[in-house]
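Below is one structure, written out as structure tokens; the observations come after it.
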Amino acid sequence: MKIVAFRKDLPKPVLRTEGFTLLEVMIALAIMLVAFSSILAIQSSSMNSALKSRQIHEVSVLARNAMLQTEIEISGKKFEELPPELSVACEEGNPDYTCTRKIKEVKLPNLAGLSKAAQGENGGGSSKDDDEKNSAILEQMTKVITNFLSKAVREVTITVSWKRGTTTQKYDVAMYWVDLNSDFNINP
């Protein structure tokens, strides 16, 4: 019987120099992981930006439509006929958006004191009686104009509000509406 030495007969392992080591493969995978995660973060950010810009566009269209609807409702009516505040869903197709309309009276400053200040700057070229008459007339005119403008001008504000996550977002649009049919009363 012949005894065979297994170790001597087996071929010796050959070290190959081609291919990658485990360390090189791990570094390559780490670089790919960083690159793919940054690409994913950028894509997610661009998707959020696109969603936000779409939502802002929708809100601006809803605000414009609400403002046009308000103009249609206001035209031909007195301000007293309209409710000072109204809150409704902006459109039937968008129940998530709420439009609030506020109609406020414009408070004008008291301009009666300007006549006396203007006469003080002009100096004394005329008599004191003429200055007092002019001052009274100018004061009367400023009262009439101030009363007329405060009755004829209103600030209309449209607020579109909606839920985004856990917070409520708002978008405001304002305009000044002048009632051209308002009575011009000479008596203040």
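The values are calculated or read from the model by the stated rules, or taken from the named source; none is laboratory data. Here the structure is a predicted model, which is why all the values come from computation and not from measurement. A quick note on method: Cβ atoms are made from the backbone with ideal geometry, for glycine too, and the neighbour counts reach across all protein chains shown.
Restricting attention to the stretch 119-158 and to residues that are at pLDDT 85 or above and not aliphatic (A, V, I, L, M), the residue that is surrounded by the fewest Cβ atoms within 10 Å (Cβ to Cβ) turns out to be E155.
When the residues of the stretch 77-87 are filtered to those that are without any contact (Cβ under 8 Å) to a residue 60 or more places away in the chain and over 19 Å from the mean Cα position of the chain (by Cα), the one that is surrounded by the most Cβ atoms within 10 Å (Cβ to Cβ) is L82. Identify, from the list K107, K116, the residue that is surrounded by 11 or more Cβ atoms within 10 Å (Cβ to Cβ), of a type in the set (D, E, K, R) and either modelled with pLDDT under 95 or part of a helix (DSSP H, G or I) (or both). Every option except K116 fails the conditions.
When A66 is tested against (1) out of contact with any Cys (no Cβ under 8 Å at 6 or more places or on another chain); (2) closer than 14 Å to V173 by Cβ, exactly one condition is not met: (1). Kindly indicate the residue of the stretch 131-188 that is within 24 Å of the chain's Cα centre (by Cα) and of a type in the set (D, E) and also nearest to R54 (Cα to Cα) among those meeting that condition. Here the answer is D172. Number of residues in the stretch 1-51 that are of a type in the set (D, E, K, R) and modelled with pLDDT of 90 or more equals 1.
Filtered by the rule that a residue be of a type in the set (K, R) and either part of a helix (DSSP H, G or I) or touching a Leu at 6+ places or on another chain (Cβ under 6 Å) (or both), the stretch 139-167 gives K143, K151. Of the set (1) closer than 20 Å to K104 by Cβ; (2) crowded, with 17+ Cβ neighbours inside 10 Å, all apply to W162 but (1). Picking from residues in the stretch 50-76 that are among the hydroxyl-bearing types (S, T, Y) and part of a helix (DSSP H, G or I), the one that is surrounded by the most Cβ atoms within 10 Å (Cβ to Cβ) is T70.
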